[in-house]
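Everything below concerns the one structure shown next.
Rule-based calculations on the coordinates, nothing more; no lab input. Since we're looking at a predicted model, the values are computed, not measured. Backbone-built Cβ (ideal geometry, glycine too); neighbour counts: all protein chains shown.
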Amino acid sequence: MLDEAQVWFVRTARVADAEVAAAQELLSTDEVRRQQRLRTETLRRDFAIKRALVRLVLSRHVAVDPRAWTFGTIDNGRPCIASPAAGDLDISISDTNGLVAVLTTRGVRSAIDVEHLERSIAVDGIAARFFSAEERDAYFMLDESRRRRRFFELWTAKEAYVKTLGAGLAEGFRGFTIQVDPLRVGDGWYLEPINLGESYAATVAVRGEARRIAIHETGASFFGGEGWI
């Protein structure tokens, strides 16, 4: 449906080796080259799952072989579908430790960002450096026990919003403010936190009005053939 956004996600540790092998078979030559440059087997395994998930999700929308998709970039590196023609289908991909998510919408630009809440990073230092003044004031008023979740709630919202613009950190995360409870950022944008499990923070950003978000957790069999067209 036109006004629906769809999120497909997978917990990579739950994908059996046989399904990883099936996912590997969907990768393009270029994707295999990129995969081989990764340092660890876990990273290479998760890369195969991520790229296969993208291809299988797209083939749920457009009836072509998952291997047929090719990709490019627009707007300062924002990924896009190069071929075959997918009409007004928009896609966004995000991954973090143990989880990959793909967002699709039609007729509107959108993006998703996901983060693992237990990432080993100094959240207070990053907040002080990258949050706007208003965000920092509100963030540091929180008890320390509440800051980690709030950090990732704000960070995924800011990342998703910036992805829709096709910009990166160089555009300056401090140059705009995300309001919370509910999430919002100026007029003409819809931000929605979504639940992909208690260990993760995730936010969808959509240019325009609110949309229903359908969430699908894929099983391992999705990569073994049942999810193919």
MRE, 222 nm, helices only [DSSP H, n ≥ 4, -39500 (n - 2.57), over the chain, to nearest 500]: -10500 deg cm²/dmol
Given the peptides 48-58, 179-189, 144-154, 111-121, arrange them by the average over their residues of other C-beta atoms within 10 Å, most packed first. 48-58, 111-121, 144-154, 179-189
Going by amide H atoms built from the backbone, whose H comes under 5 Å of the H on residue 204, apart from near neighbours? 192, 194
Taking Cα pairs under 8 Å and at least six residues apart, what relative contact order does region 4-226 come out at, in percent? 27
